[in-house]
Amino acid sequence: MIQKKISTAVIKRLPKYYRYLGDLLENDVVRISSKELSHRMGVTASQIRQDLNNFGGFGQQGYGYNVEYLYNAIGKILGLENKYNTIIVGAGNLGQALANYTNFDKRGFEVKGLFDVNPRLVGITVRGIEIKDLDELEEFIKVNRIDLAILTLPKQKAPKVANDLVNYGIKGIWNFAPIDLKLTNKNVVVENVHLLDSLMTLSYNIKETI
Ligand SMILES: NC(=O)c1ccc[n+]([C@@H]2O[C@H](COP(=O)([O-])OP(=O)(O)OC[C@H]3O[C@@H](n4cnc5c(N)ncnc54)[C@H](O)[C@@H]3O)[C@@H](O)[C@H]2O)c1
């Protein structure tokens, strides 16, 4: 379906379309004009049209968008019809909080395992998932065909663990350690998440309004 290289900016906007369309679906909205969708999302109608034209366009003149069709199509573009067997490495505060969040499972990112080096945490279960020792990581990944790892460990430990994960055959890393991980293996993708970046943007905007 995708013929040309899609810009990162467009890809980053797709989850927002998906989220808004999901809300519309939940409210039994069958179709929506690009004007109405743009109004709700706070982006211009031409931006929406341009973004969706990257994938062939989905609207019809005079009709707008079929919500369910567009929702499913964007889900497919995002690869959400796939299931991702997921592990969390670093089962402290954040790792456990993420393990407790059931919406990841609903979206297809099923948390299969939790790993830590702290013997006081190993053996404890979080939402029915036992925290395992890091020594078991390689075998677990292979046996359970793990696709994706969430890193919630100290930043000094992240590069080594990430490198090991790559060698064990992981496909993607969702990194929360406060370091921009760069992997040499181009077949493995990383998404670095920094909540503080968002908080600092908020700080800037507060400063501007005072
Ligand atoms: N990106 C973000 O927005 C964001 C937000 C909050 C926290 N963080 C980061 O997430 C990480 C976790 O934060 P936290 O509050 O849960 O800390 P925490 O100390 O509660 O948990 C970290 C866990 O990692 C474990 N660990 C240490 N080395 C390990 C290794 N080699 N392999 C596996 N596990 C190992 C520790 O035993 C501990 O249980 C920190 O790096 C923190 O800075 C990032």
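Equivalent ellipsoid of region 13-116: semi-axes from √(5λ) of the C-alpha gyration tensor, largest first, are 33, 13, 12 Å. Ignoring lysines fewer than eight residues from K142 along the same chain, the ones with Cα atoms less than 29 angstrom from its Cα are K76, K83, K106, K112, K132, K155, K157, K160, K171, K182, K186. Between the amide H of F109 and those of Y84, distances stay under 5 Å, these residues lying 5 or more places away or on another chain, with hydrogens modeled in the peptide plane.
Heavy-atom surface analysis with a 1.4 Å probe gives region 84-196 a carbon and sulfur content of 51 percent of its accessible area. Solvent exposure of K12, expressed as accessible area, is near 130 Å², computed with a probe of 1.4 Å over the protein chains only. Taking the DSSP bridge list for the chain and keeping only pairs wholly inside it, about 20 percent are antiparallel.
Please find, in a Gaussian network model of the chain (springs between Cα atoms separated by less than 10 Å), the residue of F115, F104, F58 whose mean-square fluctuation is greatest. Taking springs between Cα atoms under 10 Å, the residue moving most is F58. Label-to-label distance for E191 and E110 is 1.9 nm, based on points extended 7 Å past Cα in the beta-carbon direction. For the pair N27 and A9, label points projected 7 Å from Cα toward Cβ lie 2.8 nm apart.
In Å³ and rounded to a whole number, note down the convex hull volume per residue for the Cα atoms of the chain. Before the final figure, lay out the partial values.
Values: hull volume 34.3 nm³, N = 210.
For the chain, the hull spanned by Cα atoms encloses 163 Å³ per residue.
Each of R145 and T201 was given a label point 7 Å from its Cα along the Cα-to-Cβ line. The distance between the two points is 3.6 nm.
Using C-alpha pairs below 8 Å separated by at least 6 residues, the relative contact order for region 152-210 is 30 percent.
Sequence gap at least 6, Cα distance under 8 Å: using those rules, report the relative contact order of the chain to the nearest whole percent. Each step should come with its number before you reach the end.
Numbers: 267 pairs, mean separation 28.2, N = 210.
Result for the chain is 13 percent.
Rounded to two decimals, what is the ratio between the C-alpha radius of gyration of region 84-196 and 2.2 N^0.38 Å?
0.96
Tell me the mean residue ellipticity at 222 nm calculated for the chain from its helices only (DSSP H runs of n ≥ 4, each -39500 (n - 2.57), averaged over every residue, nearest 500). Taken over the chain, the calculation gives -12500 deg cm²/dmol.
The values are calculated or read from the model by the stated rules, or taken from the named source; none is laboratory data. Just so it is clear, the structure is predicted and the values come from calculations on it, not from any experiment. Reconstructed Cβ throughout: ideal geometry from the backbone, glycine too, with neighbour counts over all protein chains shown. We work out accessible area using only protein heavy atoms, side chains counted, and drop any ligands, DNA or RNA first. Shrake-Rupley method; radii C 1.70, N 1.55, O 1.52, S 1.80 Å.
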